[in-house]
Structure formats: structure tokens, C-alpha cells
1. Give me the Debye-computed log₁₀ of I(q)/I(0) at q = 0.15 Å⁻¹ for the range A:478-519, equal point scatterers on Cα only, no solvent, two decimals.
2. Kindly rank A:574-587, A:725-738, A:133-146, A:471-484 from highest to lowest mean number of other beta carbons found within 10 Å of each residue.
3. Determine which residues of the range A:591-618 fall in the zone a paramagnetic label at A:LYS644 would reach in this model, i.e. backbone nitrogen under 17 Å from the point 7 Å along Cα→Cβ.
4. For chain A, report the accessible area per residue in Å² (1.4 Å probe, heavy atoms, rounded to an integer).
5. Give me the percent of the accessible area of the range A:35-75 that comes from carbon and sulfur atoms, probe 1.4 Å, all protein chains in place.
6. Relative contact order of the range A:255-354, please, whole-number percent, based on alpha carbon pairs below 8 angstrom and at least 6 residues apart.
7. Efficiency by 1/(1 + (r/R0)^6): what FRET value for A:ASN276 and A:ASN318, r their Cβ-Cβ distance, R0 = 25 Å, to the nearest 0.05?
8. From zero outward in steps of 5 Å, how is the percent of C-alpha pairs of the range A:447-511 spread across the bins?
Amino acid sequence: METYKPQKIEKKWQRIWEIQGVYRAKDLSKKPKSYILVEFPYPSGEGLHVGHCRPYIALDIVARKRRMEGFNVLFPMGWDAFGLPTENYAIKTRIHPRIVTKKNTALFKRQQKNIGLSFDWSREINTTDPAYYKWTQWIFLQLFKKGLAYKAKMPINWCPSCKIGLANEEVVDGSCERCGERVTKKEKEQWMLKITKYAERLIQDLDRVDYPERVKVLQKDWIGKSEGAEIEFRIQNSEFRIPVFTTRADTLFGATYLVLAPEHPEIENFKPHITNYKFVKKYIEEAKKKTERERISEMKEKMGVEIKGIKAINPVNNREIPIFVADYVLIHYGTGGIMAVPAHDQRDFDFAKLHNLPILEVIKPQNNAEGRLRQSASQRGSLYNGTPYGRAYEGEGILINSGRFNGMKSEIAKERIVAWLAKKGLAKKAVNYKLRDWIFSRQRYWGEPIPMIQCERCGWQPVPEKDLPVKLPSVKKYQPTQTGESPLAAVERWINTKCPKCSSLAKRETDVMPNWAGSNWYYLRYCDPKNEKRLADPKLLRYWMPVNWYNGGMEHATLHLLYSRFIYKFLWDIKAVPKSLGPEPYKKRTSHGTVLGEKGIKMSKSRGNVINPDQVIKEYGTDTLRVYEMFMGPFEQTISWDTKGVKGAKRFLERVWKLTGKFLVTQKPKGSSYLKKLLHKTMKKVSEDIESLKFNTALSSLMEFCNAWQTNKEGGLGKKDFKDFLKIFSPFAPHLTEEIWSQLGFKSSIHNQKWPKHDPKLVKEGIVTFIIQVNGRVREKIEAEIGISKREFKKLALAQENIKKWIERKNLKKTIFVPGKLINFVI
RNA sequence: GCCGCGGUGGCGGAAUUGGUUUACGCGUACGACUCAAAAUCGUAUGACCGAAAGGUUGUGUGGGUUCGACUCCCACCCGCGGCACCA
């Protein structure tokens, strides 16, 4: 056998696999299906680095195992190619983004092929392909028709110096990424998607899927459900009522003022009664100018002004309380106004202190909680600074100063107070979500045009479905305009069109969709990538969907993953996706850790520490790259690259190669029974570890096996065992194992073989090392058959010289025996 | 501030229905092969005491439960990630 020359072998097999279509997914085959999905990349000009490869390799291993287990596997790849970097590159170079995208996808594809990934390339998709985005636009039209897409005035990030609208990711620490100028707000009409309508289902259906717990928690926190009540405060001497949302109706007696958000629409209605209107107005105008970030940065100072001339009535005790306007209250949450309970909410407490407002304690902490609070307050030296603890007590407890509710527990009082006020029509139970509707417009060029037409007579009209796709027109300049409009706004012949309803002159929407639009539904398209009549054939969707295993970055846990679940649910609701599939697109979700550069420094072009897989492959070979990427550490954890470790992986492959050489010369039909048993243990471990993403320990057990094989003196490995070894190793090192497989004389690919199953009997047998402890300390180790009984082993153990020494003339109180593991003598 | 994750040799890490701490790999040292080096193969490798046998100690810190704790409980320290005026 020649020496191991990975580069030669790898290129050869990659070609053969492609020609033979080894990894083709077969539509509607009789075999059970398995849909394995990795997030498709944004093809940037820099190409892949070794961190991007890791999830591809991991799921490639899973896909290969599934095929060998008899599944018809769909493991596709495509390009999420609309986006800012390409557009910015176009602005700089004036090269059309389409050309840049073409170049970049070619680069990515070449790199991915180099890694020996078993993608079915016949299903490749690209979000910038009009044949694809036709359906992205179609989905938007359906949303519009169902009332889930609407226009609203929303602030965009605006750089006053560049005179340009910025995407969130272009705003760094509140400043423009390119010029450093402070970003301000600019109001603009934008398309919004009503994701909030799905908030409850997006939470509930998490129970149906197998996601990591932390991902579920992240999504739930992001949606931010909170249950409470809406309580109405009447305005003195008027018909007006101001509703507020609270989760703490039990503190209502302590509500000593109301606060409204500066944008609160009712304020204008009170204008005739307000005695300091000018002053209030000035405050509101200033607050509106501030960005959200600025408001937060001034968090410590809770500024605000009283609206003089009007008072609110606290419904529980009919006390008159003042009304303030302050920007620590947000317009988009709840009702845009709050009841302030300074004794039991730290923000209200801070505000009350600043404005010298009364602080009324209505909840007493229970038992030891009070003592602890007093203690920590006295340590801070802030006792009796408005409350007994010098700050707000935000926990629950027993009601005081609350009239007929005194002595009641918070938990019960919440219900009772709301029920009592409800009878008078002043309260009702309410639920609020932090989740906000999704701003779906971008004032940019390189995205899907929003297929809407504005007619002066008929208003916003959807482009008729037969006219889809609305293609992006060619433009000369890609810069956003100085008014904040999309660059498309300058393309006269494209904008001007006819109203689909009344045929009079009308104008197209010039905004485009955000990056997420194309990735919302791409996994559906892989099932039927070339369909011109519909998004995908229901027959094929029924066969392939749902996705069995979806891996992607943790950074998408709240955005892409939530958005795409929402869109799927919508498509399911309107039956664009067959009802029989259920309301969730992904059965199982996993996330990979980031790969850092050497010494734990983040890989970046500017630091010059980016490791390109092509270089690694050139120097060590693809299989080495694959084995190292999987062996370097736990898949889900952040980990840094170590070139020395790559060498270790190469050494391992070389060892396998050499052992094979020896095997081919001296092969015997029957080998060592010890190695057979060890192999079956390894088979079990590798099978299980791949399922739970523990590729590192799967490989370490394969290495252990090879170490035992190498030092084995009693006949080496039998032929069948050798074949089984190759099979369980093949997903990790597909080229090396395929080469050896063919050298064994087989014509059919190893990747089409059956995944070997371990024999449970063989796994259970064998000699293991037992521990002998005295009082829990290890004193001796001896070998024994794994199934040995307590009595027998005790005899054996007590006969050990080393143990006699410890036990003699002592009182043996107790003997603990753990089968297959240890014995412990308690003296 | 809140939520989540983590803390084990010189390094990446392994081990959790409580049962050998440091598997596997890297590094290092020594030896073999070689004119030599690299590669490869072999041996050793937590710390401390000891010539050795052996012993003591050891999984962020301090307590607890247990025959036995990296694993369980309580209190705390540190690091990372996310959210952050959401009433």
C-alpha cells in the first residue's frame, strides 16, 4: 500500500460521487425520509472560514449515518444572497450586486465541495433568483390579503451626516458605522407584519418541538408574555378615562400618580384643561427627538413633567392623584400609561424621589424576607428613605394600607381587587407581550421588491399574482437617496405603473424586504425547488416535511427561528402548506458553538487570524479537517482553533491507513475476540454520540479502538470487524474509508452500506477493572469478570495483601458493592 | 438589574440514575531508529513528601448530606452569552 495521500484520494472520490449521484434525494421514494438541514449561508466575498465548516461537517455526518440507516435523506444547500455587504460593495465599486453574488456563491460552493459534504446539489436555491423570490413576494401578498401586512409610520435609524437610512446592524453604539455621527430617528411609513397576532401560538407550540431548552427560553423571553389587568382611572371632572396595564393589581392602593408616555394620544384631548400646556408640549417634543438609545442612557435620571390642571382618580379609594408625562414610560407597551407605585417599583420610586412625590407602602414582605431587607438596607445605610428599606420592595407579601384588602396575600389580592373593580366596569384581565410587529421595509436596493402599488384613488393595491415576480430593475447608483427613500425611488420607468384595480396611473412601492424574507421559507422550497406553479407541491411537502433536524447559529434563536416559525404557521393556516403536517416546521433544532482563532481571539479579517479551510485541506487533506473540526471539543461550545491539534487528527488518519496496510497483508477471517468486543462497544458509543452531537467523544472512542488494535497481539482484527470499523468511521472520514473500501474490492460505495448494529451481548461481556475501597478511599484495583457476584468478589477483595493491611483487626461495619464497578469496606 | 451557560492538569477537553478524577488528543521529557534532523515507534507525565514501597492532597471558594460528591443541597466568587425603563 502506498503512503496516505489525501489530496489525491479526495479529489478522485468527490468526482466519482458527483457522477454517480450518490447523495441524490429521491422524491416520494418508498424509503422513510429524513430531512437534515443546515442554515444556508450569506455568500460574502471573504469566503468560508473553518468556523463555518463545523456545522456543515457535523450535519453531514448525521446525513451520512441516516443514509446508511436506510433513510431517503434530503440534505440540501442554497444561498441567502440578498443583503447589505453585497450592496455596499456595489456602492463602492459600481459592480452590479448580481455579478458580485454570482462570484461569491461560486466561491462558497467550491469551498463546500472541497469539504466533501454530501449535499444534493440538484436542489440548490438562491434567494436572489427571480424564480425564487417570486414566491417570497407571493407570501407577502397573502399576508397583505389576510390583513397581516400593513403600513404604519415607524422611526428608522437616520444618519444626519450621510443623509441615509441605516439598518440596525449599521448602527454601532448609537452612531453611524461609517462616519461616526450620532444616529437620530426619522419617521417613515413602513410595511409591518403582524407577528404579534401569533405571539401566543409561538409560545404554546414550543411544547411540540425538540429544541434546546435555552433556545426555548430565549424565544419565550423575547416574546415576553405577561399576565395582569387593565385598570381604568377616571379623569376628574371629565368623561375621559385612562387605562393602565399592571401585573400588580395588589399594589393599587399604593398608586400615588399616573405617568403617560410622551407619545400618548390622550394628552392632546386634555389640552383645554392643562394649565401648563406649553411646558408639557416642550417636554414631549424633546422626548420625541431622542432615540430609544438616548432615553435608555439617561435611565438613571427619570425626568418628566406634571400635567397640571387635571387629576386622575384612583378607583380603589377615589383619591385624586397627579398625572405626569415622562419618557421612562413606553408608548408601544401596554396602554402607553402606567399607574405609579413608588413603594413597590424601583423606577417609580426613583421618579417619586426626584419629584418629591408621596410614597405609600401597601405590601409588607413576609417572614424572613423582611429581616433580610432591613439588614441589607442598614448595610447600605439607606434605612427609611421613603420606605423602611430605603428602596422599593418589589416582591409579594401581605397587604397593608389597603382598606378591606388588608391582611390578604398579594397573590389572592390581585384577583380580588380586579374582580371588585370589574363589577364597576373599571378593570379587566389583560395579557401583554413585549414582542412588537415586524418592520418589513428596507430603504435599500438589494432585496426583494415589495409587490405593492399605490394608487391615488384606490390606495395600496397588491400586484396581481400573475404579474409576479416584480423584478428588481437595473440601476446605475445603489446609494440610498438623501430623503431616506430606496434607490429604486429614482427609477422612473419602473415606479410608474398602472393601478391593478382602476388602471389609472399609480406608483410602485420602492422599499424592499429585509434579509429575513428569503430565509423565512427556504426549507420548503428545497422539497420542490423548480416548481413554477406554486411555492411547492403539497404532495412533496407531505413527503419531505417537517424538517427532522435543523442546525443553526445561536444568534438566530430569536430572529430567523422565530420569524420562520411565524411564516410557516401563517402558510399552514392558509393551507399553502398541507394541514396534515402540523403547526411547526422544525422537529429538532440544535446550535453549534463559534470557532475562535488561536488563543481564543475572534477570527476576523482585520486581525488577520482567519483560517481558511482551503489552506488546511491543501496542507493536511479534507478528512483531517473534518476529523479535527469534530474532535476539537464539544460541538455546541465556543472553542478556539489549534493548528497542533490538526496535526493530531492527521496522525490518527495515518495510523488507520497504516493499520489497514498491515491488515491487507495479514488478514485472517477471524480475529481477536477482545477486539471484537471492544469494537461493538465502540459501535454503540459512536452511534449514540452522533445522535447527541458528541462527535468529539465518538472520535476518541474510535481512537481508543485503534490504539487497542495496534497493540493487539492475539490475531488482530477479523475481516467482518474491519469492515464494520470502516463503516462507523466513514461519516467522519468519507474519502479515506471509501478508498480503503474500494481496495477491499467492493464496487458499491461504502456510503450506501448498512450502518452496523452492535450486539448487546458482546457489549456486556468482558473483564473490567474493579476498585476496592476502604472507607471510601481507593486502596487497590483488580481485574474481574464484569458480571461477578458480591460474595465472590468480596472474597477476592479481602484476599488482597494491600487490603488485609487496612482491614485486619478492625471492625468491618458494612460492605457496599456496585456490580461491575467497585466494592467499599466501611470499618 | 434579570435570564441562561460555564469554572476539572502546562493546553483542548473526558467522566453526572453519586462509585477509578484527568479518557482521547496536544505539549513536554527520556529512549529506539538515523551520519543527523524530521517523521515514526516505545515509556513517562496533576501537585507535594519519599531512594523506593508507599503516603498526603487535589475538579472556582466556604459549608452540608453520604460508606463514597466534579456530580446532590445551601451561601458566595469569577468568566462568557443574551435581554434590558416591558409597568
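The values are calculated or read from the model by the stated rules, or taken from the named source; none is laboratory data. It should be emphasised that the depicted structure is a prediction, and the values quoted were computed from it without experimental measurement. Methodologically, a virtual Cβ is constructed for each residue, glycine included, from the backbone with ideal geometry; neighbour enumeration extends over all protein chains shown. Surface accessibility is based on the protein's heavy atoms, side chains included, excluding ligands, DNA and RNA. Shrake-Rupley method; radii C 1.70, N 1.55, O 1.52, S 1.80 Å.
1. -0.48
2. A:725-738, A:133-146, A:574-587, A:471-484
3. What the label zone holds, given the 17 Å backbone N cut-off, is A:597-601.
4. On a per-residue basis, 47 Å².
5. The C+S portion of the solvent-accessible surface of the range A:35-75 is 49 percent.
6. Contact order relative to length: 42 percent.
7. 0.50
8. 4, 19, 28, 24, 16, 8, 2
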